[in-house]
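Working notes, structure below.
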Amino acid sequence: MAKEIKTIGVLTSGGDAPGMNAAIRAVVRTALANGKKVKGILKGYQGLLNEEIVEMEKSGVSNIIQKGGTVLGTARSIEFTTEEGQKKGADICRKHGIDGLVVIGGDGSFRGAQKLANLGINAIGIPGTIDLDIACTDYTIGFDTAINTAMEAIDKVRDTSTSHERCSIIEVMGRHAGYIALWCGIANGAEDILLPERYDNDEQALINNIIDNRKHGKKHHIIINAEGIGHSESMARRIEAATGVETRATILGHIQRGGSPTCKDRMYASIMGSYAVDLLCAGKSKRVVAYAGGKYVDFDINEALAMKKDISEYQFKVSQILGK
Ligand code: ADP
Ligand code: F6P
């Protein structure tokens, strides 16, 4: 029989994502409703190592569901990636009576949770990243807000691009994953979409496409480029030189990580936050909450981290047909 959890800690880690606050709120309120104490760990694993730990009350999470960012703060911690750092982190959890921990973040953050769980701290991961690049889940908190922010910005660039009959290269976030680029590429009706998972560096194909579209009277040419490919400015210069079409690069950057979360992000974050606490209350550890096959489910953290995910070949094919 697993020992009953008394105090649940919650932290956000890695890149922030809109909706993280809704998840924190759900963790705190569900834990309190189950008679648990809750402690907020500030600034991710680095805050844990620095013992930046605060008591969380019901009122402390009111008026945050609609806010972007994370009220707990987030960080990337090199120290925590060491065995020594992880042992220190587990000891600090014990010192503060934290016997259950909810980690909201991406794969890297889950690796940290896995290490703490191996050291005896019951840990549960909640997928929070704008990149949608966590293999075990069809949804990650923050993705919906990010793509809507990017989509609106791209529409605006398209207006001016059409007026000036230019080519626009718009760079969206995603160092390793092209989900934001693919979704916005389709939703914004881009002529070309460059994904880290698929791009073959064939710039000549882009150039030919622009020249061909001009011949057929297209007044703009939108290229959505993922951050993982990058180099949008130099690409713009080369394309302009090769096509004679004025070309501009716009890098959307961190605008995509902020802002009030959409209804979808608030909803998924709220359910996942409550689900994580329910798992801890049921004596579970080393699990990752996910949304898969139309349901909220949970996976063993080791299995979740071993899973692989790729861009849908069909969606990619559709994006190419529709952009022609
Ligand atoms: P994300 O969680 O969004 O993938 P990172 O990869 O930056 O973001 O990871 C967030 C933090 O998680 C890192 O700064 C580090 O402290 C911790 N972390 C990442 N990988 C590991 C690992 N293999 N072992 C322990 N902690 C890790
Ligand atoms: O959170 C994911 C992400 O936004 C990636 O798309 C991007 O590559 C990375 O984080 C940038 O992180 P930062 O600028 O915070 O180092």
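Some notes on this structure:
- Residue within region 182-192 that is in contact (Cβ under 8 Å) with a residue 60 or more places away in the chain and either under 21 Å from Gly258 (Cβ atoms) or touching a Cys at 6+ places or on another chain (Cβ under 8 Å) (or both) present: yes
- Residue in region 191-201 that is of a type in the set (A, V, I, L, M), modelled with pLDDT of 95 or more and more than 17 Å from Asp155 (Cβ to Cβ) present: yes
Each row is one residue, and each column tells you yes or no for (1) assigned to a helix (DSSP H, G or I); (2) in contact (Cβ under 8 Å) with a residue 40 or more places away in the chain; (3) buried (at least 17 other Cβ atoms within 10 Å of the Cβ); (4) not charged (D, E, K, R).
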| position | (1), (2), (3), (4) |
| --- | --- |
| Ile5 | no, yes, yes, yes |
| Ile24 | yes, yes, yes, yes |
| Val27 | yes, yes, yes, yes |
| Val38 | no, no, yes, yes |
| Glu51 | no, yes, no, no |
| Gly69 | no, yes, yes, yes |
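- Screening Gly120 against (1) more than 9 Å from ligand 1 (Cβ to nearest atom); (2) part of a helix (DSSP H, G or I); (3) open to solvent by 40 Å² or more (accessible area, probe 1.4 Å); (4) in contact (Cβ under 8 Å) with a residue 12 or more places away in the chain leaves a single unmet condition, (2).
- Entry remark, region 74-106: residues being within 25 Å of Gly283 (Cβ to Cβ) and either within 15 Å of ligand 2 (Cβ to nearest atom) or assigned to a strand (DSSP E or B) (or both) number 6 in total.
- Test result for Ala153, under 24 Å from Ile229 (Cα atoms), open to solvent by less than 30 Å² (accessible area, probe 1.4 Å) and within 17 Å of the chain's Cα centre (by Cα): no
- Residue count for region 288-308, restricted to those that are open to solvent by 60 Å² or more (accessible area, probe 1.4 Å) and either under 16 Å from Ser109 (Cβ atoms) or out of contact with any helix residue (DSSP H, G or I) (no Cβ under 9 Å at 6 or more places or on another chain) (or both): 7
- Odd one out for Ala276 among (1) within 16 Å of ligand 1 (Cβ to nearest atom); (2) open to solvent by 30 Å² or more (accessible area, probe 1.4 Å): (2)
- Residue in region 177-194 that is nearest to Asn213 (Cα to Cα), counting only those that are within 15 Å of ligand 2 (Cβ to nearest atom) and in a loop (DSSP other than H, G, I, E, B): Gly178
- For region 161-179, the set of residues classified as in contact with a Ser or Thr (Cβ under 8 Å, 6 or more places away or on another chain) and open to solvent by 30 Å² or more (accessible area, probe 1.4 Å) consists of Arg166 only.
- Filter pass, Lys58 being more than 16 Å from ligand 2 (Cβ to nearest atom) and surrounded by fewer than 24 Cβ atoms within 10 Å (Cβ to Cβ): yes
The values are calculated or read from the model by the stated rules, or taken from the named source; none is laboratory data. Every value quoted in this text rests on a predicted model; they were computed, and no experiment measured them. Quick reminder, even Gly has a Cβ in these numbers, built from the backbone with ideal geometry, and neighbours come from all protein chains shown. These area figures cover heavy atoms from the full protein model, side chains too; ligands, DNA and RNA do not enter into them. Shrake-Rupley method; radii C 1.70, N 1.55, O 1.52, S 1.80 Å.
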